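A quick write-up on the structure given underneath.
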Amino acid sequence: MLDKLQEVLKEFENSVSSVKSLPEMAQFKAEYLGKKGKLKALMSGMRDLSVEEKKTFGAKANEVKQAMELALEKRSQQVELEEINAKLEKNWQDITWTDRIKDKGQQSAGLHPLTQVMRDLEDIFLSMGFDILDGPHIENEYYNFEALNVPANHPARDMQDTFWFTDMKHLLRTQTSNIQIRGMEQKDPPFKFVAPGKVFRCESLDASHEAAFHQFEGMMGGKDISVSHMIHFLRTLLREIFKKEIKVRLRPGYFPFVEPGFELDYECLLCGGKGCSVCKQVGWVEALGCGMVHPTVLKAGGIDAKKWNGFAFGLGVDRLVMMRYHIDDVRHLHHGDLRFSEQFRAY
Ligand code: FA5
């Protein structure tokens, strides 16, 4: 009987590799291991064996069963892979083939100008060694205000009209500056990071104000960082985004989380500085806020302000997009009108 067992195993081993599909595999398994299978048939002959022979045969039959199960499992995996590969070989589609899309009456897509500019900004800062961080849209009061040197009842809270949740502890972040503290909590100086994302303010809408818009935060912490470092990175940003010299001005600006603080304005590229609805007839458009990080903010981020300092900036991305592509109303960016989006297919 032991010889017969060996014979069945050999026969199994010789034929398992020729099983070509999963249904065939199920049939093959039943043929050897099923209730009416070859192994069961042999085992039913055990009743004629002596106790000693039964022990030896039983152990051997168990080994054979395990070897078969292992081989079946291995072959099943191969068959599955072969089936997937065969399907891929037969059914693949070239998703870059735009004629197919046109045939179906659809049009090819392009990147939204906001996405394009966000990606360009990320590439510029990645190439200068900055990390990219992300943070929550639903934020608590601490990260959006308190840790940024804007305690409760501070008048600066009114600078940004906030969408509060009913618990009055959570809010939709009004600025990407919430990542300043979160970033410092994660990193020891020296560090350089940027944080792009959506921000929300309960604003009256006009040509340059949206309620949901995008900012791009930047922060650098280290030893003896100065305003000139900050200007260097901002200049590089503008040069790379516009690929030409554009007129900007840096003027003092108040933000409780920086000291000194500045605002950088573009000369309005829509009217060439003559005055229009985007620049509110003044010829300049606010691009970003920036400055040297306030020691209280460094402290809130767990950083020793006697040893380290740094700069931070928060850029309005929607307005940057408007300047780069000469878009005369920020609301065009968000309203999903295809006549607008289609103009950017080439970018
Ligand atoms: C801030 O939000 C500060 N967190 C920026 C900052 C960061 C200062 C780090 C210092 C250090 P502000 O509220 O000015 O600042 O917004 C920054 C930029 O976002 C503005 O310059 C403008 O370009 C853009 N922005 C502000 N409000 C709107 C809006 N409603 N719609 C579109 N863009 C806006």
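Annotations for the structure displayed:
- Complete set of residues in segment 324-347 that are of a type outside the set (Lys, Arg) and free of Cβ contacts under 8 Å to residues at least 24 places away in the same chain: 332, 335, 336, 337, 338, 340, 343
- Condition met for residue 321 (among the β-branched types (Val, Ile, Thr), at pLDDT 95 or above, in the same structural domain as residue 176 (by TED's automatic domain parsing) and over 23 Å from the mean Cα position of the chain (by Cα)): no
- Checklist (1) of a type in the set (Asp, Glu); (2) surrounded by 15 or more Cβ atoms within 10 Å (Cβ to Cβ); (3) under 25 Å from residue 226 (Cα atoms) applied to residue 329, failing item: (3)
- For segment 163-182, a tally of residues being touching a strand residue (DSSP E or B) at 6+ places or on another chain (Cβ under 7 Å) and crowded, with 20+ Cβ neighbours inside 10 Å returns 10.
- Qualifying residue in segment 147-156 (condition: surrounded by fewer than 20 Cβ atoms within 10 Å (Cβ to Cβ), of a type outside the set (D, E, K, R) and within 14 Å of the ligand (Cβ to nearest atom)): yes
- Within segment 169-186, tally of residues that are under 25 Å from residue 226 (Cβ atoms) and without any contact (Cβ under 8 Å) to a residue 40 or more places away in the chain: 0
- Residue within segment 186-196 that is surrounded by 13 or more Cβ atoms within 10 Å (Cβ to Cβ), in the same structural domain as residue 306 (by TED's automatic domain parsing), more than 10 Å from the ligand (Cβ to nearest atom) and in a helix (DSSP H, G or I) present: yes
- Out of 84, 95, one residue alone is exposed (fewer than 11 other Cβ atoms within 10 Å of the Cβ), free of Cβ contacts under 8 Å to residues at least 12 places away in the same chain and assigned to a helix (DSSP H, G or I). It is 84.
- The residues of segment 284-324 that are surrounded by fewer than 17 Cβ atoms within 10 Å (Cβ to Cβ) and more than 7 Å from the ligand (Cβ to nearest atom), listed by number, are 295, 296, 299, 302, 304, 305, 306, 307.
Condition check ((1) within 24 Å of the chain's Cα centre (by Cα); (2) closer than 25 Å to residue 330 by Cβ; (3) of a type in the set (S, T, N, Q)) across all residues:
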position	(1), (2), (3)
114	yes, yes, no
130	yes, no, no
137	yes, yes, no
144	yes, yes, yes
157	no, yes, no
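Yes or no, residue by residue, for (1) modelled with pLDDT of 95 or more; (2) assigned to a strand (DSSP E or B); (3) within 8 Å of the ligand (Cβ to nearest atom); (4) out of contact with any strand residue (DSSP E or B) (no Cβ under 8 Å at 6 or more places or on another chain):
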{"residue": "203", "(1), (2), (3), (4)": "no, no, yes, no"}
{"residue": "213", "(1), (2), (3), (4)": "yes, yes, yes, no"}
{"residue": "230", "(1), (2), (3), (4)": "yes, no, no, no"}
{"residue": "241", "(1), (2), (3), (4)": "yes, no, no, yes"}
{"residue": "244", "(1), (2), (3), (4)": "no, no, no, yes"}
{"residue": "259", "(1), (2), (3), (4)": "yes, yes, no, no"}
{"residue": "265", "(1), (2), (3), (4)": "yes, yes, no, no"}
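- Of the criteria (1) touching a helix residue (DSSP H, G or I) at 6+ places or on another chain (Cβ under 8 Å); (2) near the ligand (Cβ under 9 Å from one of its atoms); (3) more than 24 Å from residue 116 (Cα to Cα), which one residue 181 fails: (2)
- Counted residues, segment 325-347 - those being hydroxyl-bearing (Ser, Thr, Tyr) and within 16 Å of the ligand (Cβ to nearest atom): 1
- Selection from segment 217-228 of residues that are of a type in the set (A, V, I, L, M, F, W, C) and either more than 9 Å from the ligand (Cβ to nearest atom) or not assigned by TED's automatic domain parsing to the domain that holds residue 129 (or both): 220, 225, 227
The values are calculated or read from the model by the stated rules, or taken from the named source; none is laboratory data. It should be emphasised that the depicted structure is a prediction, and the values quoted were computed from it without experimental measurement. Ideal geometry is used to build each Cβ from the backbone, glycine not excepted, and the neighbour counts take in all protein chains shown.
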